[in-house]
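*Asks:* Sharing a structure with you now.
Please treat every number below as a calculation from the coordinates, not as lab data. Note that the structure is predicted; figures quoted are calculated from it, not measured. Positions of Cβ are backbone-derived with ideal geometry, glycine not excepted, and every protein chain shown enters the neighbour counts.
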Amino acid sequence: MELDDRKVKILQAIIKNYLETGEPVGSRTISKFSDLNLSSATIRNEMADLEELGYIVQPHTSAGRIPSDKGYRFYVDTLMEEKVEELNNMKADLEVKADKIENLLKHVAKLLAVNTNYATMVTTPKYRSRKCKFIQLTEIDESQVLAVIVLEGNIVKNKMLQVNEYIDKEIVLKLNLVMNSFLQGLDLEEINIGIVQKLKEQAGEHAKLVSDILDAVAKAMEEEGNLEVYTSGVTNMLSYPELNDGKDVKDLIFTLEDKKELAELVDQDLKYDSNEGNSKIQVYIGNETPIDSMKNCSVVTATYELEEGVYGKVGIIGPKRMDYEKVVGTLKNLMSQLDDIFKKK
């Protein structure tokens, strides 16, 4: 007898519950799964079939069921097939999309600089939440395991891990199952000591490899939090006498070309937007700007939204006597245009 969709869903629900609790799973527990909408009696009949087929077992009388080795095998193989196919399908699309967005943002920075005669900056998008969507471990050879980490927003990170123990395909499959069961859907801040401890307990003698995988996941999430800043029109600043003063102008140009301090300013802006639910245009005048080399400047920023939870900043930098009305109007118009463009992607 082949497993129909209903039996597959019930088997998956049993395994997921057992992985989370370590307790045998009964029909009443499964009936609470909203996407099944089945009565306890129907679930009991299906569970009896699954037990007869060898996918689950009943450890003692009157207890719920737990997965058998055959059940785990079916779950892991199905999970891995789905995720590998999903991963392969998304890679090409992601590369094309990333190139398009990068080129678009660079073009925006240049266009703004030409239209305003000020310096401009545009950041790459940043995710407010960097949740782990999926982890795929692949054995490369006796000393290396490749961890492919997919974050929310279909961001793919590859990490090569060195191993000092014997790792075969069965162990890799088990670790794939355990890691995805515990980490799927979690942000970095949600991976606490309790979860780490449970992961190590499940991994047993392979706890060291689990630690390495967790480090790789954390590093991937932190890397994705870094902003890249594109600037344009830096030499426009030389057109304004009050900014064109020896050392001061050198420091200003260095800031615009180095971009590190700009990235920190924008990062604070995005955190403020996230906490306050605010995506309005912000204006920093003179000493309000937390960058020393820009104390004689004004900075006007606006937030664009690539998709839900994915934001970036566009900024215009000029003298304190900049044409605020024109700058604010330009940014509002640009935000509207970017919104239309991103919705079509």
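*Asks:* In the range 1-27, which residue that is in contact (Cβ under 8 Å) with a residue 60 or more places away in the chain and assigned to a helix (DSSP H, G or I) is farthest from ILE66 (Cα to Cα)?
*Replies:* Here the answer is VAL8.
*Asks:* Is it the case that the range 31-45 has a residue that's within 22 Å of ASN180 (Cβ to Cβ) and touching a Ser or Thr at 6+ places or on another chain (Cβ under 6 Å)?
*Replies:* Within the range 31-45 (the criterion being within 22 Å of ASN180 (Cβ to Cβ) and touching a Ser or Thr at 6+ places or on another chain (Cβ under 6 Å)), the answer is no, since none of the residues qualifies.
*Asks:* Let me ask something else. Filter the range 232-254 down to the residues that are closer than 16 Å to LYS320 by Cβ and crowded, with 18+ Cβ neighbours inside 10 Å and list them by number.
*Replies:* ASN236, MET237, TYR240, LEU243, LEU252
*Asks:* Next question, about the same structure. Name the one entry in THR29, THR21 that is under 26 Å from GLN202 (Cα atoms), surrounded by fewer than 16 Cβ atoms within 10 Å (Cβ to Cβ) and among the β-branched types (Val, Ile, Thr).
*Replies:* Step by step, each of THR29, THR21 is checked, and only THR21 is under 26 Å from GLN202 (Cα atoms), surrounded by fewer than 16 Cβ atoms within 10 Å (Cβ to Cβ) and among the β-branched types (Val, Ile, Thr).
*Asks:* Here is a list: ILE167, ILE191. Which entry is buried (at least 17 other Cβ atoms within 10 Å of the Cβ) and closer than 24 Å to ASN17 by Cβ?
*Replies:* One residue alone meets the criteria, ILE191.
*Asks:* Can I ask one more? Among what's in the range 229-252 and is in a loop (DSSP other than H, G, I, E, B) and touching a strand residue (DSSP E or B) at 6+ places or on another chain (Cβ under 7 Å), pick the residue that is nearest to VAL150 (Cα to Cα).
*Replies:* GLY233
*Asks:* Can you name every residue in the range 195-254 that is more than 24 Å from the chain's Cα centre (by Cα), among the hydroxyl-bearing types (Ser, Thr, Tyr) and more than 30 Å from GLY286 (Cα to Cα)?
*Replies:* none
*Asks:* Select the strands (runs of 3 or more DSSP E) contained entirely in the range 116-222, then report the ones holding at least 3 residues which are over 30 Å from TYR324 (Cβ atoms) and of a type in the set (A, V, I, L, M, F, W, C).
*Replies:* Those strands (runs of 3 or more DSSP E) span 132-141, 144-151, 155-162.
*Asks:* Okay, moving on. Please enumerate the residues belonging to the range 205-214 that are within 12 Å of GLN162 (Cβ to Cβ) and surrounded by fewer than 21 Cβ atoms within 10 Å (Cβ to Cβ).
*Replies:* LYS208, ASP212
*Asks:* Please list, ordered by first then second residue, the pairs with beta carbon atoms under 6 Å, 6 or more apart or interchain, first in the range 109-128 and in contact (Cβ under 8 Å) with a residue 12 or more places away in the chain, second of a type in the set (Lys, Arg) and surrounded by 21 or more Cβ atoms within 10 Å (Cβ to Cβ).
*Replies:* The qualifying pairs are THR123/LYS313.
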